[in-house]
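The values are calculated or read from the model by the stated rules, or taken from the named source; none is laboratory data. Since the model is a prediction, treat every value here as computed from it, not as a measurement. All Cβ positions, even for glycine, are placed from backbone atoms using ideal geometry, and neighbour counts span all protein chains on display.
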Amino acid sequence: MIIICIVTAISGCTESNGTSNETGSDEFNATSEEESRQIAETYVRNLDSYREYNLTEPILVETVTLRCPYCWKFVYEFDLISEKDPDVTDTATVTVTVTEGEVVDAVYAQGSSHIPGTPTGSMGADDLLN
């Protein structure tokens, strides 16, 4: 009797074929790359920093197909006003991973890209003396 209880308990904890999703069914949420891209872009547009400080539209700079069904990673960039110094323009990079139509991971990075009125590029000693 004890052996039957142990076998029953253990067999209830395993999956049938290892392809089940979170809901326990063997069906995947078949989401196209285009639908996933729209989901990722909506995520970016709903970020507080984008809604409050954006200067440009988000630009899709990279799409990576991941090694799972209906999984993509999208990388967006946009310019925004720096939260620390309004005279500085920052560039934000947002990497959004969408799996089966849901955002499962997002990485946000922001840094200075340009200060208006400040020379860009390299300057030689002659330029500095002038």
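Results for (1) at pLDDT below 95; (2) more than 16 Å from the chain's Cα centre (by Cα); (3) assigned to a loop (DSSP other than H, G, I, E, B), shown as yes or no for each residue.
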site: ILE39; (1), (2), (3): no, no, no
site: VAL44; (1), (2), (3): no, no, no
site: ASP79; (1), (2), (3): no, yes, no
site: THR93; (1), (2), (3): no, no, no
site: VAL98; (1), (2), (3): no, no, no
site: THR120; (1), (2), (3): yes, yes, yes
site: ASP126; (1), (2), (3): yes, yes, no
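Only one residue in GLY12, GLY18, GLY24 is modelled with pLDDT under 50, on the phi > 0 side of the Ramachandran plot and surrounded by fewer than 12 Cβ atoms within 10 Å (Cβ to Cβ). Which one?
Checking each option against the conditions leaves just GLY18.
What are the pairs with Cβ atoms under 8 angstrom where one residue, in segment 59-82, is more than 15 Å from ILE39 (Cβ to Cβ) and the other, located anywhere, is in a strand (DSSP E or B) and of a type in the set (Gly, Ala, Ser)? Sequence gap at least six, or different chains.
Pairs found: GLU77/ALA92; PHE78/ALA92; ASP79/ALA92; ASP79/SER113; LEU80/ALA92; SER82/SER112.
Residues to consider are VAL75, VAL104; find the one that is within 10 Å of the chain's Cα centre (by Cα), outside any loop (DSSP other than H, G, I, E, B) and surrounded by fewer than 16 Cβ atoms within 10 Å (Cβ to Cβ).
VAL104
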